[in-house]
1. Would you confirm, using the coordinates I've provided, whether B:R69 is basic (K, R), modelled with pLDDT of 95 or more and more than 24 Å from A:V103 (Cα to Cα)?
2. Could you tell me how many of the residues in the range A:98-112 are open to solvent by 30 Å² or more (accessible area, probe 1.4 Å) and without any contact (Cβ under 8 Å) to a residue 12 or more places away in the chain?
3. Could you check A:P44 against (1) more than 13 Å from every other protein chain (Cβ to nearest Cβ); (2) surrounded by fewer than 22 Cβ atoms within 10 Å (Cβ to Cβ); (3) of a type outside the set (F, W, Y) and say which number it fails?
4. Any residue in the range A:58-68 that is within 14 Å of chain B (Cβ to nearest Cβ) and either part of a loop (DSSP other than H, G, I, E, B) or surrounded by fewer than 20 Cβ atoms within 10 Å (Cβ to Cβ) (or both)?
5. Exactly one of (1) in contact with a strand residue (DSSP E or B) (Cβ under 9 Å, 6 or more places away or on another chain); (2) within 11 Å of chain A (Cβ to nearest Cβ); (3) outside any strand (DSSP E or B) is unmet by B:L57. Its number?
6. So which residues in the range B:60-83 are surrounded by 20 or more Cβ atoms within 10 Å (Cβ to Cβ) and within 10 Å of chain A (Cβ to nearest Cβ)?
7. If you check A:I133, A:I140, A:I115, which single one turns out to be surrounded by 18 or more Cβ atoms within 10 Å (Cβ to Cβ) and part of a helix (DSSP H, G or I)?
Amino acid sequence: MKLRVVDGGTYSEPVHQALERVLTDRLADGEMPPTLRFWSRDEPAVALGRFQAHADEVAVEYVEEHGIDVVRRITGGGAMYVEPGAVITYSLYLPRGAVPERVEESYAELDAWTIDTLRDLGVNARHEPLNDIAHPEGKIGGAAQLRGRDAVVHHTTLSYDLDLAEMLRVLRIGEQKLSDKAISSAEKRVAVLSAYTDASREAVVERMKGAAAERYDTFGESLSQDAIAAARSLASEQFLTDEWNRQL
Amino acid sequence: MEATVSGQPVDRPVANEPFQTTEDEHVNTESATVKIPDGKLLEVTVSWGDRIDAVRLTGDFFLEPPEARAELEAAIEGSRVDIDRETLVRSIESVDARLIGFEAAHLADATLEAVR
């Protein structure tokens, strides 16, 4: 399968999340080839799972004081705190026929090339069902999927060098989730790649592109201006509004 | 205590709008949380008098299509608070949706725990 690789273009969190909708629909409509997109951000933000309650997940006062965007994704799953240069986020937009119908299998398969890359770099990473990428010392990242009409979007965020103390100020880590696992410190639940590899974030991304090229017939290209304009407009209509972000 | 659903038509309260009460009906609101073994968390907030008036389902689960969240809530709303578990599970299962990271029984149990 031919796979377009897009790396470049720095956007706000609402525009990134709007791109997920726009690009998934464009693939389904045959207006875009299957694509792997690496994200670039310029501000810290919170990406909220589609079904999460805003006030349950973020320290509302703190994020308002610090002007941190809290944006609801189109995908389910949990809240992620993200910082520019400190996480690696990528999206795969694939035809439904190219993705295993069984959800458990599809997460494992669509993260496999990432896990192989991390292991090549000496990071003891593994897939942890349903949708986590884990190290024995904690969770490195997580994925979320949405199956549309004829397209699947699978996006994954890995912590490269995240400020975990700041993460704890921004997110309200679910007390029940913690106590159930009998873990006293929330920091222990997150593992960052930089603790296990000397490779820079950029070097990790380049290795990932190489791994993608081994599996697919890849070619580099930018997003069309048209798709970016559509995402900016959708961001104003939806992903920047309280009506969407604070619906729950 | 257990199921009192009879074969008779049940009179629905006139006011069946979420959070709306009739005069002699006390409305309660409680939440219950279920932690599912693989790590997903499901929170159900229920408002009820004699019947369950409103349900809000939140958490870090997945659902396809996502719009089915409202249908899952609607499958619970209108039930008597003493509905038996099996009937509630069947009602939730009748929604045409793929529940990912949780099952109908988890949602039913959280609902029943909230109204208990």
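The values are calculated or read from the model by the stated rules, or taken from the named source; none is laboratory data. These numbers were taken from a predicted model, which means no experiment stands behind them. Quick reminder, even Gly has a Cβ in these numbers, built from the backbone with ideal geometry, and neighbours come from all protein chains shown. Just so you know, the surface numbers come from the protein's heavy atoms only, side chains and all, with ligands and any DNA or RNA stripped out. Shrake-Rupley method; radii C 1.70, N 1.55, O 1.52, S 1.80 Å.
1. So B:R69 does not fit the description; no.
2. Adding up the residues that qualify gives 4.
3. (2)
4. No, the range A:58-68 contains no residue that is within 14 Å of chain B (Cβ to nearest Cβ) and either part of a loop (DSSP other than H, G, I, E, B) or surrounded by fewer than 20 Cβ atoms within 10 Å (Cβ to Cβ) (or both).
5. Here B:L57 meets the rest and fails (3).
6. B:D60, B:F61, B:F62, B:L63, B:R69
7. Residue meeting the stated conditions: A:I115.
Yes/no matrix, rows are residues, columns are (1) open to solvent by less than 20 Å² (accessible area, probe 1.4 Å); (2) not in a strand (DSSP E or B):
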| site | (1), (2) |
| --- | --- |
| A:H16 | yes, yes |
| A:R21 | no, yes |
| A:L36 | yes, no |
| A:S40 | no, no |
| A:G76 | yes, yes |
| A:G85 | no, yes |
